[in-house]
1. Counting only protein heavy atoms, what percent of the accessible surface of the range 1-134 is carbon or sulfur at a 1.4 Å probe?
2. Among A69, P86, P52, whose Cα sits farthest toward the positive end of the charge dipole of the range 52-104 (+1 at Cβ of Lys/Arg, -1 at Cβ of Asp/Glu, about the Cα centre)?
3. Compute and list, largest first, the equivalent-ellipsoid semi-axes of the range 45-136 from the alpha carbon gyration tensor, each √(5λ) rounded to a whole angstrom.
4. For I137, enumerate residues with amide H under 5 Å from its amide H, sequence gap 5+ or separate chain, H modeled in the peptide plane.
5. Give me the accessible area of L142, 1.4 Å probe, in Å² rounded to the nearest 10.
6. Please list, ordered by chain and number, the residues whose modelled amide H lies under 5 Å from the amide H of A80; skip anything fewer than 5 residues away on the same chain.
7. Taking the Cα atoms of the range 57-111 alone, what are Rg (to one decimal) and Dmax (as a whole number) in Å?
8. Could you pull out the pairs from K40/K70; K40/K89; K21/K89; K21/K119 whose alpha carbons sit more than 21 Å apart here?
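The values are calculated or read from the model by the stated rules, or taken from the named source; none is laboratory data. Keep in mind that what you see is a predicted model, and the values were worked out from it rather than measured. Reconstructed Cβ throughout: ideal geometry from the backbone, glycine too, with neighbour counts over all protein chains shown. What goes into the accessible areas is simple: the full protein's heavy atoms, side chains included, and nothing from ligands, DNA or RNA. Shrake-Rupley method; radii C 1.70, N 1.55, O 1.52, S 1.80 Å.
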Amino acid sequence: MEEEIKEAHRDMCSISRSIDKIGDTWSLLILRDLGQGLSKYDEIRGNLEISPATLSKRLSMLVEEGLVAKEIYQDNPPRAKYVLTPMGKDFLPVLAMIMVWGNKYASPNGVDTQLVDKKNHKKVSPIVVDAKSGEPIEFAKLTFAGGPGNSPGKTKILKKRGLPLTAAK
């Protein structure tokens, strides 16, 4: 029964499907490290202090899901590096927002991680803004609505809850 409910949510919700693509904490940290320029298996393993079996499994999953690409850089012996795909690069702002939230609610000693500009080392404070207006998004004023790819099940739930089936233009 629980698996059926999870499957129904996955079918109806891009958030649920996205979480399935990303995986777990290790996957998030691997994406973070790749975004910071680490690319070789041993670099990632050393930085995360992760077991080889766990790292191999997570890298394979991230490659299969399309967030990471494996590129051979040496033939004899064969050696590969891992790089973010465009999909993986598009996930980096999500990690930045997790960091902002974590600094506020999960860092007992205050801010422990910051974003800084690579050239001038000035602190950057990321926020979520509307792409059309450039204005900061106030989530308290928003609700989730259906999109053009609504499934029949989601449409039924949205109607039942009195929520918009699609966004107004």
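1. Working: 5200 of 9550 Å².
The value for the range 1-134 is 54 percent carbon and sulfur by accessible area.
2. So the residue we want is P52.
3. Working: eigenvalues 187, 68, 40 Å².
Result for the range 45-136: semi-axes of 31, 18, 14 Å.
4. V128, V129, D130
5. 100
6. Answer set, sorted by chain and number: Y73.
7. For the range 57-111, the Cα radius of gyration and maximum Cα-Cα distance read 15.9, 48 Å.
8. Checking Cα-Cα distances, K21/K119 exceed 21 Å.
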